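First the structure, in the form of structure tokens, and then the observations on it.
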Amino acid sequence: MIKGKIFVIKKRLWKTEDLLGFKNDMILVVKNTTPDITIIIDKVKVIVTEINSPLCHAAIIAREYNKPILMGVEDVTEKFNTGEEVIINLENKTIIKC
Amino acid sequence: MLDLLKYTYIFDIPKVKESIERLWNRYQGILDNKDSTKEDLYEARAILYCLGKFYSEEFALGAIERRIQYIKPEISFDKFLEMVDSDEKYSGYNKMFDELREFYLMVKGIKNREKNGSYLDEERFNRISKEKGVISSHPLD
């Protein structure tokens, strides 16, 4: 179980400027990642994505940087907002508000 | 695009690379050409979807999954990806490991390809498409 504050990017095609306000140890919640994620990857606690493929960019980055990832969470960027506290269960693949 | 799929079935990695570059160059050519027609832009959209999503996340995934069983000694799909991505030292695997590794790294090359500040130059594609009134939603959705 991982608990933390989330940072949500609601648009699909996001860029570096959309990461403004991302703080250390936050959980990044996105539809998918883009190569811009490398700028903050060291600060990311967990990556949560809507997309679900072992070869998607987020999955590759998570393996390269040894970061936990929760993939395939439907509409997660619509259901959650930046600043909310959540609990993530990687085994059951769930994310819930605290 | 048919060549890309065909050479992936054959698992001829140099030919797969050539096919990818040919598609990429065609895509860039369409975006660079001010006289590109709506039909050309739909072709660019097809290439973007193929390279950015269908091929890299689905077709190539299947190509690796089908062949992972031929790696000796046995290795799981997840462990294979983890070893390659973490640059873990390995030895004692057969030739199939090296071939799948080379193929996977090539696919990763697509996933990390950026141009003009966006993944697969998608931002420029979106801008040009909008200007020409071609597409109203994200091509990779």
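None of the figures in this text is laboratory data; all of them are computed from the coordinates on show. Computed from a prediction, not measured in an experiment: that's the story for all the values here. A quick note on method: Cβ atoms are made from the backbone with ideal geometry, for glycine too, and the neighbour counts reach across all protein chains shown.
Excluding same-chain neighbours fewer than eight residues apart, the lysines reachable from A:K97 by a Cα-Cα span under 16 Å are A:K3, A:K5, A:K79. For A:K43, the shell of other residues with beta-carbons less than 14 Å away shows a net charge of +1, using +1 for Lys and Arg and -1 for Asp and Glu.
For the Cα trace of chain B, dividing Rg by the Kirkwood Rh returns an Rg/Rh value of 1.05. By the rule of a C-alpha distance below 17 Å, with chain neighbours fewer than 8 residues away ignored, the aspartates and glutamates paired with A:K45 are A:D25, A:D36, A:E64, A:E84, A:E85, A:E91. Between B:E102 and B:D32, full extension at 0.36 nm per residue minus the direct alpha carbon distance yields a gain of 22.1 nm. Angle of helix B:13-32 to the longest C-alpha principal axis of chain B, folded into 0 to 90 degrees and rounded to 10: 20°. Relative to the longest principal axis of the Cα atoms of chain B, the long axis of helix B:122-131 lies at roughly 20 degrees.
Less than 15 Å Cβ to Cβ from A:A59, Lys/Arg counted +1 and Asp/Glu -1: what total charge do the surrounding residues give? Around A:A59, the charge tally is 0. Shielding by partners for peptide A:52-61, expressed as the average number of C-beta atoms from other protein chains within 10 Å of each residue's C-beta, is 6. Here's the list of lysines a cross-link from B:K72 could span, going by alpha-carbon distance under 29 Å and ignoring same-chain residues fewer than 8 apart: A:K67, B:K6, B:K15, B:K17, B:K89, B:K95, B:K108, B:K111. Each residue in B:S91, A:S53 was given a count of other beta-carbon atoms within 10 angstrom of its own, and listing them fewest first yields B:S91, A:S53.
Counting, for every residue in A:30-36, the Cβ atoms of other protein chains within 10 Å of its Cβ and taking the mean gives 4.
Evaluating 6.51 cos²θ - 1.76 cosθ + 1.60 at θ = phi - 60° for every residue in the stretch A:15-24, the Karplus couplings come out as 10, 3, 5, 6, 8, 4, x, 6, 10, 3 Hz, glycine and proline recorded as x.
Taking the Cα atoms only, what angle lies between the long axis of helix B:38-49 and the longest principal axis of chain B, rounded to 10 degrees? The two axes meet at around 20 degrees.
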